[in-house]
C-alpha cells in the first residue's frame, strides 16, 4: 500500500503531533498492512522537496510539525524501515523529484531551503512551485538528495510517482523557454528535449542507485496511459485526456524497454468497462509492455474510489477491486498490486479491501523481488 504524507493525506493524521503520537500512528499503519496480508509499504519520504529523515540537503518536512525545517524529535524514515522489517514488510521510499511546494510563494519556504538559495532553479505553474527539470544542476541535486536516504537506510526500493513535468493546466505555459534556449539546441522541438530531460533523470538515477546499493530496487508509478492508440498505433485502446508521453514528457514504455527500472507500478485507477480508460484494456497493454524485459509489473489500484459517492456505480460495488485481481491472474507479467492509500486500507468504506483479502490473499506471500 501507498502511505502518503503530502498534505497529511494518510500520515501523520495532522501536522504538529508529538513524536510519540506520530510514531504510534505510523506503527498502526504498518500493523494494518500486515493484518491485510500485504507485503510492502510505499512510504512518501520526500513530499515537497523536504525530508522525513535528517537530510543534509533539504529541510525537515512540513507535514510532520506544521513548520518546514523544524526537527520533529525523531527519525521517521529510520523507524519506518526498522518497524516494517520487523513485520516482514518491505519499505519502499517514495520520493517526488521536482515538486517544491503546493503554493507559489517562495517566502513561505524555510529560509535555508535550496529553492530559496537557488531561485533560478524554480518555476511557478498551476498554483505550485517546481524545480526546472531542464537544468542539469537541478537533476543532479534532486538525485543527490534522494540518494542520501538510499545510502543511509536499509530501504528495499526507491519509488517515484507520476509527477515529472507537471500535469498540464489549461491556459498556462510552463515557462522554461530560457532553459530550452540554453540547453535544447540539439533537439527538433521542446517536447523531445523535455522527454530527454526526464529520460536522463531516470537513467542516471537508476545507475546511481545500482552503484550505491545494487540490491535496492528502482520503481516508478506512472499515470496509467502511455499514449492512446489514436495518437500512436502502439498505444493502448483508450481515449484518456492525459498521455504521459505527450503531456508529462515521460516515455514510461522506453524506461521499461531500456531496463532502467526494476519494476513499474502503473496507476490503473479506472473500473472495468470505463470507455475512456478501461482497466481490462490497460492491463494487457502493460503486460505486453513488460514481456521479455525482466521488469516487474505491479498494478496500482484505486482503493480510494471504492465507496466514494462521487464515483460511478462500478465503484459502489465492493467486488470491483477483487475482479481486477481476478482478471490479472490471466496475465503472467503481473506480479502484484499496490493500493492507494493507507488510510483507505484501514477504513475500507464498503469492504472492497476485505473482499480482496478474502478472495486473493489467504496467506501472506513473500515480498516482491
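Read-outs throughout are calculated quantities, based only on the coordinates presented, and are distinct from any laboratory measurement. Since we're looking at a predicted model, the values are computed, not measured. Note that we place each Cβ from the backbone using ideal geometry, even for glycine, and neighbour counts take in every protein chain shown.
Odds and ends about this structure:
- Nitroxide proxy distance, nm - points 7 Å out along Cα→Cβ at residue 118 and residue 190: 2.2
- Using bins of 5 Å that start at zero, the share of Cα-Cα pairs per bin across segment 161-206 amounts to 5, 18, 25, 26, 18, 7, 1, in whole %.
- In range of the label at residue 229: residues from segment 264-307 whose backbone nitrogen is under 16 Å from the point 7 Å along Cα→Cβ: 273-289
- Per-selection Rg to Rh, segment 33-79 - Cα, Kirkwood hydrodynamic radius: 1.07
- Neighbour-count order for 205, 1, fewest beta carbons within 10 angstrom listed first: 205, 1
- For 194, 366, the sequence from fewest to most other C-beta atoms within 10 Å is 366, 194.
- Segment 283-369 - Debye-derived log10 I(q)/I(0), Cα point model, q = 0.14, 0.16, 0.17 Å⁻¹: -0.51, -0.66, -0.74
- GNM result for the chain, Cα springs below 10 Å: residue of 341, 55, 236 fluctuating most strongly: 55
- Note on the chain: with a GNM built from Cα contacts shorter than 10 Å, the maximum mean-square fluctuation among 304, 183, 324 falls on 183.
- For segment 49-135, the Cα gyration tensor yields ellipsoid semi-axes of 27, 15, 11 Å (square root of five times each eigenvalue, largest first, whole Å).
- Alpha carbon convex hull of segment 162-263, volume per residue in cubic angstrom: 122
- Binned Cα-Cα distances of the chain, short to long, each 10 Å bin given as a whole percent: 5, 24, 34, 27, 9, 1
- Rounded to the nearest whole angstrom, the semi-axes of the ellipsoid equivalent to segment 215-369, taken from the Cα gyration tensor as √(5λ), stand at 25, 20, 13, largest first.
- Pair residue 170, residue 204: separation of 7 Å Cα→Cβ label points (nm): 3.6
- Dimensionless Rg ratio for segment 1-45, taking C-alpha atoms and the 2.2 N^0.38 Å reference: 1.12
- In the elastic network of the chain, a GNM with C-alpha springs shorter than 10 Å, the most mobile of 244, 110, 252 is 110.
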